[in-house]
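**Q** Let me begin by handing over the structure; questions about it come next.
The values are calculated or read from the model by the stated rules, or taken from the named source; none is laboratory data. Worth saying up front: this structure is predicted, and the values here are computed from it rather than measured. When we count neighbours, we look across all protein chains shown, and the Cβ atoms used for this are built from the backbone with ideal geometry, even at glycine. Side chains are part of the model used for accessible areas, which takes the heavy atoms of the whole protein and leaves out ligands, DNA and RNA. Shrake-Rupley method; radii C 1.70, N 1.55, O 1.52, S 1.80 Å.
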Amino acid sequence: TYIKTKSGLSAAFFILANMKTYTVTEALEKLRNYCAYQERCHKDVKDKLRTMGMIAQAIDHIVGTLVSEDYLNESRFAQQFASGKFSIKHWGKMRIKRELKSRSLSDYDINNAIKTIEADAYLEKIYTLSDKRWQQLNGYSTQIKKQKLFQYLSYRGWETDLIYQQINRLSRES
């Protein structure tokens, strides 16, 4: 649906008419800065170029140039994404995989990124997350605590078997 103005033209027309246009050179420079700021995947860059009003041929040319100049590297993006989401947001491997898949990365890059998470650190993280959340749930019945802990960890993408191990450990300890 379009919003009609007094002149009969839609609001979309005015947005497009007032949108800044870029030459390929200007867009390439803007995207170099965009990619230098933080790692990006091809999907993010293509989306950015579409919002800039670039045509398909220009998008392909710019993405190819950024890849050849090493501003854009999906393997590097996947590894940094996995590392950051694991250490900062405390996501499990399942959530990280799902998010990387939604960005259209190859299974090869996704699996290599997941392998960079050390097994000991992974188990330590779920252990500390479980303990912290279990303490926050004091005052609830044991059954409700189990349900809430399961929801909390599964939302963050932790594997079901690891979640049940933590629930069993914590319910035995209390």
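**Q** Given ILE96, ILE59, which one is β-branched (Val, Ile, Thr) and within 23 Å of TYR155 (Cβ to Cβ)?
**A** ILE96
**Q** Among residues belonging to the stretch 146-160 that are within 12 Å of MET94 (Cα to Cα) and open to solvent by 20 Å² or more (accessible area, probe 1.4 Å), point out the one that is nearest to the chain's Cα centre (by Cα).
**A** Filtering first and then ranking leaves ARG156.
**Q** Now for a different question. Specify the residue that is nearest to GLU159 (Cα to Cα); the eligible residues are those in the stretch 122-137 that are open to solvent by 20 Å² or more (accessible area, probe 1.4 Å) and in contact with a helix residue (DSSP H, G or I) (Cβ under 8 Å, 6 or more places away or on another chain).
**A** It comes out as LEU123.
**Q** A further question on this structure: Could you tell me which numbered condition LYS85 fails, if it satisfies all but one of (1) surrounded by fewer than 14 Cβ atoms within 10 Å (Cβ to Cβ); (2) of a type outside the set (Gly, Ala, Ser); (3) modelled with pLDDT of 95 or more?
**A** If we test LYS85 against (1) surrounded by fewer than 14 Cβ atoms within 10 Å (Cβ to Cβ); (2) of a type outside the set (Gly, Ala, Ser); (3) modelled with pLDDT of 95 or more, just (1) comes out false.
**Q** Please find, among HIS61, HIS90, the residue that is open to solvent by 40 Å² or more (accessible area, probe 1.4 Å) and in a loop (DSSP other than H, G, I, E, B).
**A** Step by step, each of HIS61, HIS90 is checked, and only HIS90 is open to solvent by 40 Å² or more (accessible area, probe 1.4 Å) and in a loop (DSSP other than H, G, I, E, B).
**Q** Here's something else I'd like to know. Just a yes or no: is a residue in the stretch 12-23 modelled with pLDDT under 95, open to solvent by less than 60 Å² (accessible area, probe 1.4 Å) and out of contact with any helix residue (DSSP H, G or I) (no Cβ under 9 Å at 6 or more places or on another chain)?
**A** Yes, the stretch 12-23 contains at least one residue that is modelled with pLDDT under 95, open to solvent by less than 60 Å² (accessible area, probe 1.4 Å) and out of contact with any helix residue (DSSP H, G or I) (no Cβ under 9 Å at 6 or more places or on another chain).
**Q** A follow-up question, please. Name the residue that is least open to solvent (accessible area, probe 1.4 Å), counting only residues in the stretch 64-82 that are among the small types (Gly, Ala, Ser) and closer than 16 Å to ALA36 by Cα.
**A** ALA78
**Q** Take the residues in the stretch 36-48 that are out of contact with any Ser or Thr (no Cβ under 9 Å at 6 or more places or on another chain) and closer than 21 Å to SER106 by Cβ; name whichever of them is most open to solvent (accessible area, probe 1.4 Å).
**A** Looking at the filtered set, the residue picked out is GLN38.
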